[in-house]
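A short worksheet on the structure shown next.
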Amino acid sequence: MTSLEFCHELEFNKINFIERKIRITHPKTILRGSPRVGKSFLIYDYLSNFAPKDYIYIDFLDFRVDKEEIALGLEEYIFRNKIKVIVLENFQFDIKIPFCDSVIITTKMDNKIKGYKNLFLWALDFEEYLLHDKKNQNITQSFNSFLKYGNLPQSVQTSEFKIYKELQNILKLITKDETSLEILKTLILNIDEKKSLNQLFLNLKTKMKISKDKFYEECKTFEEENIIYFLPKYNQSKANRKIFLYNGAFFDAITHKKKFKNELTNIIFQELKNKFKEIYYLDYIDFFIPERNLAIISIPFFNSVLMQAQLKKIKKIALDYKIEELNIVTVSNSEVINSNDIKISVLPFYEWALS
């Protein structure tokens, strides 16, 4: 059997697909997203609209696929078999894209082609997570799992004792070698911290031999592939950036240390990243959304009586930037705070995320 025949025999009609907020609707689509966020399942859902004989699915990371054979014979095979849809998973744009009614491509590259729609898939937000979560019986348990085990679709279905091992395997797949892995681990250990790349480099250099060029190159790659996000301070481009992850559970997968506030802040960032293009931080304020004049602060266990001094500093900064609304996101606390100057809401994460 040839590679093309093997790829043409694959069927996805019986795969159980749970709805996502994003779907493939354009016949020519370039789909990107961080590792394991569910890109392939989005494609399986799209293919379920066609008979198996009408599509061919090629994954260039499959060891059984002969790339040279694909490059030489794909266009003729599509024409001869009257194929309507071709899927090119993990495509690198190093061979010609054949003519076909529908072409769906997944890639790490931010490539724009005339006639193609570019689509980006994020990991599960909390609302999507609830649709996937069949194990927990109430929203509080679901929130605890979301915070502890992360927002990847496969983690929802994986037994708890296996999740961290699976997350470690994903980190190994993301990285090229041991040095790359150590760089990524350094970034992960500093989630929700204001650190310059030079600070991180100097710290890592005390533990292993590494060049500055290698460190900066890997950090840039992780950022381009949406593994790591570097959040800027509003109107201060030279200030240190805050570090966030596309899946906060990577932190618990590599260390026994606890940074509960940082991990809560990371899942708040994940929700915001799904909704807003421009997100910044300010002094005393975790996230500032200029287009909405909105500020969000992560305080796991908030108490307005005990935190009067902190709240006063936060309100001063908010008023300086003409912020109209302030959300204080907690683990389980909710409070009503009366303020004439600014609308203040204190909500547990699961209420805030679904509001």
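The values are calculated or read from the model by the stated rules, or taken from the named source; none is laboratory data. None of these values were measured; they are calculated from a predicted model. Here the Cβ is made from the backbone with ideal geometry for all residues, glycine too, and neighbour counts use every protein chain on show. To get the accessible areas, we keep the full protein, side chains included, count just its heavy atoms, and leave off ligands, DNA and RNA. Shrake-Rupley method; radii C 1.70, N 1.55, O 1.52, S 1.80 Å.
Values for this structure:
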| read-out | value |
| --- | --- |
| Rounded to 10°, Cα long-axis angle of helix 139-149 versus longest principal axis of the chain | 70 degrees |
| Fraction of antiparallel bridges per DSSP, the chain only, in percent to nearest 5 | 35 percent |
| Karplus 3J(HN,Hα) series, Hz, for the stretch 208-220 with 6.51 cos²θ - 1.76 cosθ + 1.60 (x for Gly, Pro) | 7, 7, 7, 8, 5, 4, 4, 4, 5, 4, 5, 4, 5 |
| Calculated Rg and Dmax of the Cα atoms in Å (choose from (1) 22.8, 74; (2) 20.8, 69; (3) 19.7, 60), label | (1) |
| FRET efficiency, N203 to E69 (Cβ-Cβ, R0 41 Å, nearest 0.05) | 0.30 |
| Using θ = phi - 60° and Karplus 6.51 cos²θ - 1.76 cosθ + 1.60, couplings along the stretch 5-13 (whole Hz; Gly, Pro as x) | 5, 4, 5, 6, 7, 5, 10, 10, 5 |
| Low-density loop cleavage sites - trypsin sites (Lys or Arg not before Pro) in the stretch 232-311, where at most 16 other Cβ are within 10 Å (DSSP) | K238, K257, K258, K277 |
| Label-to-label distance, nm, for residues given as K194 and T140 (7 Å Cα→Cβ offset) | 3.5 nm |
| The chain: angle of helix 260-275 to the longest principal axis, Cα-based, in degrees nearest 10 | 60 degrees |
| Added length on full extension, which subtracts the Cα-Cα distance from 0.36 nm per residue, Y234 to K277 | 14.1 nm |
| Principal-axis tilt of helix 67-80 within the chain, Cα atoms, nearest 10 degrees | 70 degrees |
| The stretch 125-271: relative contact order as a whole-number percent, Cα under 8 Å and 6+ apart | 30 percent |
| All lysines inside 24 Å of K316 as judged from Cα atoms, apart from same-chain residues fewer than 8 positions distant | K194, K233, K238, K242, K261, K343 |
| Euclidean distance between Cα centres, the stretch 1-25 to the stretch 41-110, Å | 11 Å |
| Cα-based reach from K162 at 18 Å (exclusive), listing aspartates and glutamates while leaving out same-chain residues under 8 positions away | D133, D252 |
| Loop-resident sites, the stretch 97-160, for trypsin sites (Lys or Arg not before Pro), counting at most 12 other Cβ within 10 Å (DSSP) | K112, K114, K134, K135 |
| Structure-based [θ]222 nm, the chain - -39500 (n - 2.57) summed over DSSP H runs of at least 4, per residue, nearest 500 | -11500 deg cm²/dmol |
| Long-range amide H partners of N136 with built H, under 5 Å | none |
| Spacing of the two label points (7 Å from each Cα toward its C-beta) at L173 and F301, in nm | 3.8 nm |
| FRET efficiency estimate (nearest 0.05) - Cβ-Cβ, N111 to E325, R0 51 angstrom | 0.85 |
| Surface per residue (accessible, 1.4 Å probe) for the chain, Å² | 52 Å² |
| E217-N49 FRET efficiency (beta carbon distance; Förster radius 51 Å; 0.05 resolution) | 0.80 |
| Neighbour-limited loop hits for trypsin sites (Lys or Arg not before Pro), the stretch 155-216 (at most 12 other Cβ within 10 Å; DSSP other than H, G, I, E, B) | K176, K207, K209 |
| Relative contact order of the chain, defined on C-alpha pairs under 8 angstrom at six or more residues apart (%) | 13 percent |
